[in-house]
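The values are calculated or read from the model by the stated rules, or taken from the named source; none is laboratory data. Here the structure is a predicted model, which is why all the values come from computation and not from measurement. FYI the Cβ positions are ideal-geometry reconstructions off the backbone, even for glycines, and counts take in every protein chain you see. Heads up: the accessible areas ignore ligands, DNA and RNA and are worked out on the full protein's heavy atoms, side chains in. Shrake-Rupley method; radii C 1.70, N 1.55, O 1.52, S 1.80 Å.
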Amino acid sequence: MVKVGIIGAGRIGKVHIESICTGVRNAQIVTVADPYMTEETAAWIRSMGDIHVTKDYKEILGDADIDAVIICSSTDTHSIISVEAIEAGKHVFCEKPIDHDIDKINKVIEALKKTNVKYQVGFNRRFDHNFKTVKEAVVGGKIGTPHIIKVTSRDPEPPSPEYAKVSGGMFLDMTIHDFDMVRYLAGCDAVEIYVQAAVLVDEKIGEAGDVATAVITLKMENGAIAIIDNSRKAAYGYDQRVEVFGSGGMAAASNDSPSTVVISDSQGVTGEKPLYFFLERYMGSFREEMNQFIQAIEEDTDTPLGVMDGLKPVLMGLAAKKSMEEHRPVAL
Ligand SMILES: NC(=O)c1ccc[n+]([C@@H]2O[C@H](COP(=O)([O-])OP(=O)(O)OC[C@H]3O[C@@H](n4cnc5c(N)ncnc54)[C@H](O)[C@@H]3O)[C@@H](O)[C@H]2O)c1
C-alpha cells in the first residue's frame, strides 16, 4: 500500500482525492493540506475516509509514514514544493505545469538527479480511453507513417479576465495539454512552431494580455506536421478531438457524449452535446494516471511521464508566445 499526502484541495485536488478514495489500487491518503482549507472542504475530505486535514503542507513532508506527495496547489507553488518533497525523499506526482519558468523546472531536474524518487507530471489526457486507442493504432502501424496530426481543443466557457491575467496565458495554461498530446501521438518532439492567434471570444481577455483563439502549426522531428486549434469558447461545449493521418490510413477520436442517441424527426437529426468540461470528460483519465503512478512506485519502474515530459510542453508554450509576438516561425 502506498501512503499518500495531497497538497492543495481545490478543483483538481478534489478530483485526485475522489479517485484515490474510490478507484485507485493500492493507495491510501493519509493527509490533505491546504492553507485556505474551508470547514466545508475539510468535512468533505473526512467523509471520504480516515484522512488527517491540515493547513500546513510541511506536515506531509515531515511525516515518515508518507511515501508519496501529490501536488495540486496553485501553479506558482509547484516547483518549490516539488524540490522540497524530493529532498524529503517522497515520490512526487505534480499537476501541470511544473512551472512557467525554465530555471525553476531545472531546479526540480537537479534535485531529482540526487535521488531515486519517482516523478510524474499530470498530463492526464494521455490516459484518456479514446486518445490511448489512437496512439495504439499509430504505434501498431495501422495508419502507416504519420503525416498529419490534428488536435482540436476548445473549452465550453472562457476563464475570467482575472484568471487569464495570472494563468501564464492560454499557451501555458490550456494549449500545454495539446502540446503534450502532439508529442504523445507523434512519438517525438517538435522542431518548429508557428502561431496565428486572436482575441475573438471576449475583449476583456485581450485587455488582460491574453488571446482566446489560436491555430498552431508544428513541424515534428519525424517529419510529420501537426495542427492544434484552440478556442476558449465553443458554443456547443467541450470539443476534444484528435486525428492522425498517415501513409496507410487515419485514426480519429471524436467527442464523448452522455449518450450516443441520435434523434431524427421532421426538423432534422440531433445528438447530445459533448460532456460538459474536463471534470466530466476526463475523470477516467485522472484515475488511470494515478493508478500508473502508484504502480510505478510499487514495481519500481519509470513513471509514464517524467520531468522532461513536464519541461518540453512549457518550452513549446514559450516558443508559441514568441511566434505570436514576433509573427514568425520559431525553432525549438
Ligand atoms: N490536469 C488537468 O487537467 C488540470 C485541471 C485543473 C487544474 N490543473 C492544475 O492544477 C493546479 C490547481 O488548479 P485548480 O484548478 O485545482 O486550482 P484551485 O484554485 O481550485 O485550487 C488550488 C488550491 O491550492 C491551494 N494552495 C495554494 N497554495 C498552497 C500551498 N502552499 N499549499 C497547499 N495548498 C495550496 C489553494 O488554497 C487552492 O485550494 C494548477 O496548477 C492547474 O494548472 C490541472
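Summed over region 73-89, residues that are open to solvent by 10 Å² or more (accessible area, probe 1.4 Å) and either out of contact with any Phe, Trp or Tyr (no Cβ under 8 Å at 6 or more places or on another chain) or more than 15 Å from the ligand (Cβ to nearest atom) (or both) total 10. Among the residues of region 113-132, which ones are under 21 Å from the mean Cα position of the chain (by Cα) and not in a loop (DSSP other than H, G, I, E, B)? If the condition is that a residue be under 21 Å from the mean Cα position of the chain (by Cα) and not in a loop (DSSP other than H, G, I, E, B), then Tyr119, Gln120, Val121, Asn124, Arg125, Arg126, Phe127, His129, Asn130, Phe131, Lys132 are the ones that fit. Quickly run through region 134-166 and pick out the residues that are open to solvent by 80 Å² or more (accessible area, probe 1.4 Å), farther than 19 Å from Ile227 by Cβ and either part of a strand (DSSP E or B) or touching a residue at least 24 places away in the same chain (Cβ under 8 Å) (or both). Once the filter is applied, which keeps residues that are open to solvent by 80 Å² or more (accessible area, probe 1.4 Å), farther than 19 Å from Ile227 by Cβ and either part of a strand (DSSP E or B) or touching a residue at least 24 places away in the same chain (Cβ under 8 Å) (or both), region 134-166 yields Val139, Lys142, Glu157, Glu162, Lys165.
Quick check: anything in region 270-277 within 15 Å of the ligand (Cβ to nearest atom), open to solvent by 90 Å² or more (accessible area, probe 1.4 Å) and either out of contact with any helix residue (DSSP H, G or I) (no Cβ under 7 Å at 6 or more places or on another chain) or of a type in the set (Val, Ile, Thr) (or both)? Spell out how you get there, then give the answer.
In the first step, residues of region 270-277 are kept if they are within 15 Å of the ligand (Cβ to nearest atom); the result is 275-277.
Keeping just the survivors that are open to solvent by 90 Å² or more (accessible area, probe 1.4 Å) gives 276.
Applying the additional criterion that residues be either out of contact with any helix residue (DSSP H, G or I) (no Cβ under 7 Å at 6 or more places or on another chain) or of a type in the set (Val, Ile, Thr) (or both) yields 276.
Yes, that holds for at least one residue.
When Asn106 is tested against (1) closer than 20 Å to Ala9 by Cα; (2) more than 12 Å from the ligand (Cβ to nearest atom); (3) in a helix (DSSP H, G or I), only condition (1) is not met. The selection criterion, being open to solvent by less than 40 Å² (accessible area, probe 1.4 Å), closer than 17 Å to Pro304 by Cβ and touching a residue at least 40 places away in the same chain (Cβ under 8 Å), holds for Met181. Candidates are the residues of region 24-43 that are open to solvent by less than 30 Å² (accessible area, probe 1.4 Å) and part of a loop (DSSP other than H, G, I, E, B); the one that is farthest from the ligand (Cβ to nearest atom) is Val24. Considered as a group, the residues in region 282-305 that are open to solvent by 10 Å² or more (accessible area, probe 1.4 Å) and touching a strand residue (DSSP E or B) at 6+ places or on another chain (Cβ under 6 Å) include one that is farthest from Gly187 (Cα to Cα), and that residue is Ile297.
Taking region 90-99 as the range and being of a type outside the set (Val, Ile, Thr) and near the ligand (Cβ under 10 Å from one of its atoms) as the test, the residues that pass are Cys94, Glu95, Lys96, Pro97, Asp99. Name the single residue that is surrounded by the fewest Cβ atoms within 10 Å (Cβ to Cβ) among those in region 44-72 being more than 15 Å from the ligand (Cβ to nearest atom) and not in a loop (DSSP other than H, G, I, E, B). Checking each candidate, the answer is Ser47. Of the residues making up region 226-247, those that are within 22 Å of the chain's Cα centre (by Cα) and closer than 20 Å to Arg126 by Cα are Ala226, Ile227, Ile228, Asp229, Asn230, Tyr238, Asp239, Gln240, Arg241, Val242, Glu243, Val244. Inspection of region 307-324 finds no residue satisfying the criterion of being more than 16 Å from the ligand (Cβ to nearest atom) and outside any helix (DSSP H, G or I). On inspection, Lys96 passes the criterion of being under 23 Å from Phe286 (Cα atoms) and in contact with a Pro (Cβ under 9 Å, 6 or more places away or on another chain).
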